Amino acid sequence: MNTLYYGNGECSVTGECRAIEIQFRGAIEITDKTGVNFIINLKNNKIIIYPMGTGLLTELFEYVGQFIVTSAKSVDNNADFVSVFVKQQNDFVEKITTNLDDMDLLTNNMVASNINESQIAKSVLQDSEKPNQIMANEYLNKPKETEGVRVSTPQTLSGSSSSSGSSGSSY
């Protein structure tokens, strides 16, 4: 089992995690913290991080904005799906499960929201200098070529132009 930790502007994973898909609510600005062998895609409130080489995921990214994970899936070295336990690490007072005397954080310094630093209007991925990430972004953002493609409509095989449609078959 893998564990996804998020909160206070950071997101990481523990366990044998080779690739991960994270669905979330909110809007964030992501700064990639994965190694050079990994690519991050961000679209429609879904983050997909996958390898272009070897290695396991640990530190994923830093973020600014509102980030609430709704679900996560991961894959291990054997390409098997592995369940993901999601653990939010914001310092909410209502999440304290110990004695007040055991706390090492002043209650005045506790963050009381899912928003880190500021509100973001639309989720974005910061530009990366990693060659694999640059290649992936260029490929995914490349416009689809439609020049020279002809679209034809199905025609009646019998050649009849009858309006009843009962004498011909179409494909």
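Bear in mind these aren't lab numbers, they're just calculated from the coordinates by the rules spelled out. If you're wondering where the values come from, they're calculated on a predicted model, not measured in any experiment. Neighbour counts are summed over all protein chains in view; Cβ atoms, including those assigned to glycine, are modelled from backbone coordinates with ideal geometry.
Say each of ASN44 and GLU21 gets a label point 7 Å from the Cα, pointing the same way as Cα to Cβ; how far apart are those two points in nm?
With each label placed 7 Å out from Cα toward Cβ, I get 1.0 nm.
Measuring from label point to label point, each 7 Å out along Cα→Cβ, what is the LYS33 to ASN77 span in nm?
Taking the two extended label points, one gets 2.4 nm.
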